[in-house]
């Protein structure tokens, strides 16, 4: 098995649910890539208007999933787990400082982890679907081009219709970084390159 897609929760339980530990252990042993797609079920009732369940709900749900695997000790226990969060990682990449500050000042943020969130955050991967060039540039520059994979969200109506063109527009990203993002990173994570 090269990889699998899961949702951002399992039966309305966050991704730090102890029942997922056997799944994580097996995925890590197999070297399988786990793509995590949001579903925003837990917040749907408040987001029925204006397509907010997607516009706000999906990034929120992805951020909650990322916070759960970091603060819940998933990455502490499975440091070789290959996790990729879609939609550019939701809001989480842009709130890394808040995670870090919370760890420093709030004891509940240290219940399951003994190292700062930044140590676990650097183990994650993200796709390029941000719909805003400066946000994508920020993501690539802050997590590194080796942690970003080309994404499309196809066939959803919120898809990036031209993900290669989107990446191509980014003048601050070097051609070698773009090559990694457009396929080399995915090939490496899926174990399909020498």
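Selection of the range 24-50 for residues being free of Cβ contacts under 8 Å to residues at least 12 places away in the same chain and surrounded by 15 or more Cβ atoms within 10 Å (Cβ to Cβ) yields only 47. Can you say whether residue 79 is more than 18 Å from residue 5 (Cα to Cα) and under 10 Å from the mean Cα position of the chain (by Cα), as far as the supplied structure shows? Against the criterion (more than 18 Å from residue 5 (Cα to Cα) and under 10 Å from the mean Cα position of the chain (by Cα)), residue 79 does not qualify. Within the range 165-193, the set of residues being more than 24 Å from residue 5 (Cα to Cα) and loosely packed, with under 15 Cβ neighbours inside 10 Å comprises 165, 168, 169, 171, 172, 174, 175, 176.
Would you be able to say whether some residue in the range 110-131 is within 21 Å of residue 181 (Cβ to Cβ), within 17 Å of the chain's Cα centre (by Cα), surrounded by fewer than 16 Cβ atoms within 10 Å (Cβ to Cβ) and in contact (Cβ under 8 Å) with a residue 12 or more places away in the chain? Yes, there is a match, as at least one residue in the range 110-131 is within 21 Å of residue 181 (Cβ to Cβ), within 17 Å of the chain's Cα centre (by Cα), surrounded by fewer than 16 Cβ atoms within 10 Å (Cβ to Cβ) and in contact (Cβ under 8 Å) with a residue 12 or more places away in the chain. Scanning the range 10-33 for residues that are under 14 Å from residue 83 (Cα atoms) and assigned to a loop (DSSP other than H, G, I, E, B) yields 15, 16, 31, 32. Using the structure shown, decide if residue 171 is more than 20 Å from residue 83 (Cβ to Cβ) and part of a helix (DSSP H, G or I). Here the answer is no, as residue 171 does not meet what is asked.
Matching residues to (1) in contact with a helix residue (DSSP H, G or I) (Cβ under 7 Å, 6 or more places away or on another chain); (2) part of a helix (DSSP H, G or I); (3) over 20 Å from residue 33 (Cα atoms); (4) at pLDDT below 95:
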| position | (1), (2), (3), (4) |
| --- | --- |
| 44 | yes, yes, yes, yes |
| 54 | no, yes, yes, yes |
| 68 | no, yes, no, no |
| 83 | yes, no, no, no |
| 130 | yes, no, yes, no |
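Looking only at the range 7-22, residues that are surrounded by fewer than 17 Cβ atoms within 10 Å (Cβ to Cβ) and modelled with pLDDT of 95 or more come to 5 in all.
From the list 141, 147, the lone residue that is free of Cβ contacts under 8 Å to residues at least 40 places away in the same chain and buried (at least 18 other Cβ atoms within 10 Å of the Cβ) is 147.
The values are calculated or read from the model by the stated rules, or taken from the named source; none is laboratory data. Treat the numbers as computed from the prediction; the structure is a model and nothing was measured. With ideal geometry, Cβ positions are generated from the backbone for all residues, glycine too; neighbour counts draw on all protein chains shown.
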